[in-house]
Amino acid sequence: MEIKKRIYVGLLMVSMLLALTLAGGVWFLLQNRELLVGRVLLTVIASIVGIIFLLAGIGVLAIILMIMKSKSIPSLDSLTRMANELLFPITLLTGRLAGINKEKILQSYIAVNNYLVKSKKLLLDGRQVLILLPHCIQDSKCPHKITMDINNCKRCQKCCVSDLIDLGERYHAMVKVATGGTLARKFIEQTKPRGVVAVACERDLSLGIQDATHIPVIGVLNCRPNGPCINTSVVVTDVENALQAICKGG
Ligand code: SF4
């Protein structure tokens, strides 16, 4: 398992252990409080929480197994999703307490997600794929409104939008530019893709991946030579590699 993925998987395991220790502690206290009002009810609640964490534990094991075997286990898909959703905030907290840079944790989370999506070995038609770009990838001085319609781009090559449109055309994939999460969600609702290749920063990508729970999303990190959110860029071959990972003939 390469270092990038190891950070997130390691943190997932530590978070899982912490959560289980906490649940065990609560359980122990419940068992030892003689005069606890509503003890039965609290025991039921503790049991439910215990079962949820047990299932999340199976999800974490499934993630590790899938990474080690480079193979998806479709029957455990919902459990891996649940483990990720439930433990993601705890993982971030654990990582921060351990002094690991937040960006590094998010990069690791995206690497694990991409690996899991690739291991599904999807064979989508390019038409079923949406390439989702952030607005900051457009040259900030460009007067053309490409969020309304990407075909408003005049392909002057001042930014990488023209190359990404070319790429989309080669793969017959849809290309959209979103100004934020709300518009991105709207585009996904409208176009109903079977797979998404999303370009953004660590924060937006991890939020987007968490958001689109039922659609496989491959995240491609953007480049920020001018700092965040202005005149960003992306390595077009990285986007093409992501497309090839989920498309037929890739
Ligand atoms: S390539 Fe398109 S989006 Fe980029 S600056 Fe030129 S016209 Fe604008």
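A short reminder: the numbers here are calculations on the coordinates, not readings from a lab. Quick caveat, the model's predicted, so the values are computed rather than measured. Every residue, glycine as well, gets a Cβ built from its backbone with ideal geometry; the counts of neighbours run over all protein chains shown.
Annotation: aspartates and glutamates with alpha-carbon distance below 20 angstrom to K120 (same-chain offsets under eight excluded): E2, D77, E85, D211, D238, E240. Just to confirm the number: angle between the C-alpha axis of helix 202-211 and the first principal axis of the chain, 0 to 90 degrees, nearest 10? In the chain, helix 202-211 runs at an angle near 70 degrees to the longest axis. Compute a Gaussian network model of the chain, connecting alpha carbons closer than 10 Å, and tell me which residue from V40, V236, V199 fluctuates the most. Its mean-square fluctuation being the largest, the pick is V40.
Over the residues of the chain, the helix contribution to mean residue ellipticity at 222 nm works out to -19000 deg cm²/dmol, using -39500 (n - 2.57) for each DSSP H run of at least 4. Highest GNM mean-square fluctuation, the chain, Cα pairs closer than 10 Å: which of P225, P216, P134? In the Gaussian network model the winner is P225. Note that the chain carries a Kirkwood radius of 19.8 Å, evaluated over its alpha carbons pair by pair.
What you get for the stretch 126-246, charging only the Cβ of Lys and Arg (+1) and of Asp and Glu (-1), is a dipole of about 300 debye around the Cα centre.
For C247, nonlocal amide neighbours, meaning residues 5 or more places apart or on other chains whose placed amide H falls under 5 Å from its own, are L124. Partner lysines whose Cα lies under 19 Å from the Cα of K104, excluding those fewer than 8 positions away in the same chain, are identified as K4, K5.
Here the stretch 126-246 is treated as a Stokes sphere of Kirkwood radius computed over C-alpha pairs; at 20 °C and 1.002 mPa s its diffusion coefficient rounds to 152 µm²/s. Once the Cα atoms are used to define both axes, helix 39-69 deviates from the longest principal axis of the chain by about 50 degrees.
Hey, which lysines would be in cross-link range of K154, C-alpha to C-alpha under 28 Å, not counting anything within fewer than 8 residues on its own chain? In chain and number order, the partners are K141, K145, K176, K186, K192. Net charge dipole, the chain: roughly 140 debye, given to the nearest 20, about the Cα centre with Cβ charges of +1 for Lys and Arg and -1 for Asp and Glu. Here the stretch 40-78 and the stretch 145-182 have alpha carbon centers that stand 39 Å from each other. As a proxy for reagent exposure, C223, C136 were ordered by neighbouring Cβ count within 10 angstrom, fewest first; the result is C223, C136. Between the Cα long axis of helix 77-97 and the first principal axis of the chain there is an angle of about 80°, rounded to the nearest 10. Running Debye on the stretch 24-150 with equal point scatterers at the Cα sites and no solvent, what base-10 log of I(q)/I(0) appears at q = 0.11, 0.19 Å⁻¹? At q = 0.11, 0.19 Å⁻¹ the computed log10 ratios are -0.65, -1.13.
Work the Kirkwood hydrodynamic radius out for the stretch 189-250: mean of 1/r over every pair of different alpha-carbon atoms, inverted, in Å. Evaluated on the stretch 189-250, it is 12.5 Å. Taking the chain as a Gaussian network of alpha-carbon nodes connected by springs under 10 Å, the highest mean-square fluctuation of the residues T94, T232, T43 belongs to T43.
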